[in-house]
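Right, one structure below, let's go through it.
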Amino acid sequence: MTAPVILHTGDPERGTMWQAVFAQGMPEADFRCWPDLGDPSEIRHLVAWTLDPELIARLPNLEVVFSIGAGVDQLDLSLLPPQVRVVRMIETGITNTMAEFVATAALMLHRDMPAYMAQQRDGNWQAHDVLLCSERTVGVMGLGELGRASIARLAPLGFDVLGWSRSETQVAGATCYAGADGLETFLSRTDILVCLLPLTDATRGILCRDLFARLPRGASLINVARGGHLVQDDLILALDDGQLRYALLDVASPEPLPAGHPFYSHPAIVLTPHVAGVTRRETAVHSLLANVRRVLAGEAPDGEIDRGRGY
Ligand code: NAP
Ligand code: GLV
């Protein structure tokens, strides 16, 4: 078997750390860190958050791209020849931070924290009605790695939890719906909607006026997937006319949002700078190592995407 040649791009500190872990765990591998390409024709595996067209053009024997993140929409797959496999990152750091974030966000909206924060700024002392978690329904769109992990945190808090995905699936702690047929019921029952879908041609702009209108009046939105899922003007209209009560947005388009964007100052919006699910260097490198081993053994890597489907 020829020694695997891997090129890491992006954060140089992470590259140096991962190089050291590969030196221990897979000493036969040649783990290079950009810009030290060596002979580019030897590189078979690329580790990247985004793809640089000039770099890709210099890698004629590339076989697998490993995404640094759980999502792959930030990789321009049209740059890659069709035989190149693409693998998203599945690792405990992303999964646990995302699940914690979703639980935090749901509790914040459930207990009216955006209203209290706005009231504090205005010097206003006013209590709002309190519901129990069991009296609130949280609907999670996307029942993959991160949707399922989030449900596992939401259900023990006592929320009534629903899930929705493309194909029929069961998730412990949630009532699940699938496809266009299931969407109507799912939305009509959801008080706090969590988006954890991948961004694809089928899901771009899914968080729009039509969808908001199908939620109960006064429902709230948590978008922790991608900014491209949301139609921004539709959100402002839905918040301003009361169809939606709050939105907690961890992602936006573009990132960062330009200065003066209405999301920064809207009293019903809580904005965080794409920090919900974080790739942790210490744990992610072991997922990468295990996946390189799988590829070398002729097995399917964990998280390989269907390039035609986009996730
Ligand atoms: P995943 O494991 O690939 O799961 C995707 C889920 O979405 C599956 O349940 C899939 O259903 C469903 N789905 C896909 N297309 C659909 C459609 N058209 N209609 C209905 N359901 C659809 O993805 P993941 O690892 O959970 O990650 C989800 C997304 O989270 C990532 O793609 C990324 O954009 C985002 N993310 C954000 C952050 C952050 O910090 N904000 C961090 C990490 C990830 P089927 O299985 O039935 O096809
Ligand atoms: C972050 O957004 C990721 O896709 O991991």
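I need the full set of residues from segment 244-260 which are open to solvent by less than 30 Å² (accessible area, probe 1.4 Å) and part of a loop (DSSP other than H, G, I, E, B), in order please. The answer is Asp250, Val251, Ala252, Leu257.
Rundown of residues vs (1) away from ligand 1 (no atom under 11 Å from the Cβ); (2) closer than 24 Å to Asp73 by Cβ; (3) assigned to a loop (DSSP other than H, G, I, E, B), yes/no style:
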{"position": "Ile222", "(1), (2), (3)": "no, yes, no"}
{"position": "Asp233", "(1), (2), (3)": "yes, yes, no"}
{"position": "Val270", "(1), (2), (3)": "yes, yes, no"}
{"position": "Val285", "(1), (2), (3)": "yes, yes, no"}
{"position": "Arg293", "(1), (2), (3)": "yes, no, no"}
{"position": "Arg307", "(1), (2), (3)": "yes, yes, yes"}
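Here is a yes/no grid of residues against (1) within 13 Å of ligand 2 (Cβ to nearest atom); (2) touching a residue at least 24 places away in the same chain (Cβ under 8 Å); (3) assigned to a loop (DSSP other than H, G, I, E, B); (4) open to solvent by 30 Å² or more (accessible area, probe 1.4 Å):
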{"position": "Thr50", "(1), (2), (3), (4)": "yes, yes, yes, yes"}
{"position": "Val65", "(1), (2), (3), (4)": "no, no, no, no"}
{"position": "Leu75", "(1), (2), (3), (4)": "yes, yes, yes, no"}
{"position": "Met89", "(1), (2), (3), (4)": "yes, yes, yes, no"}
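Here the condition is being assigned by TED's automatic domain parsing to the domain that holds Trp49 and more than 8 Å from ligand 1 (Cβ to nearest atom); of Leu107, Leu80, it holds for Leu80 alone.
Pro114 passes every criterion in (1) open to solvent by 70 Å² or more (accessible area, probe 1.4 Å); (2) of a type outside the set (S, T, N, Q); (3) touching a helix residue (DSSP H, G or I) at 6+ places or on another chain (Cβ under 8 Å); (4) over 23 Å from Gly93 (Cα atoms) apart from (1). Here Val87 passes the criteria (1) out of contact with any strand residue (DSSP E or B) (no Cβ under 6 Å at 6 or more places or on another chain); (2) not assigned by TED's automatic domain parsing to the domain that holds Ser188 except the one numbered (1).
The values are calculated or read from the model by the stated rules, or taken from the named source; none is laboratory data. Source: prediction; values computed, not measured. No Cβ is skipped: glycine too gets one built from the backbone with ideal geometry, and neighbour counts run over all protein chains shown. Ligands, DNA and RNA are stripped out before the accessible areas are found, and what is left, the full protein with its side chains, is counted by its heavy atoms. Shrake-Rupley method; radii C 1.70, N 1.55, O 1.52, S 1.80 Å.
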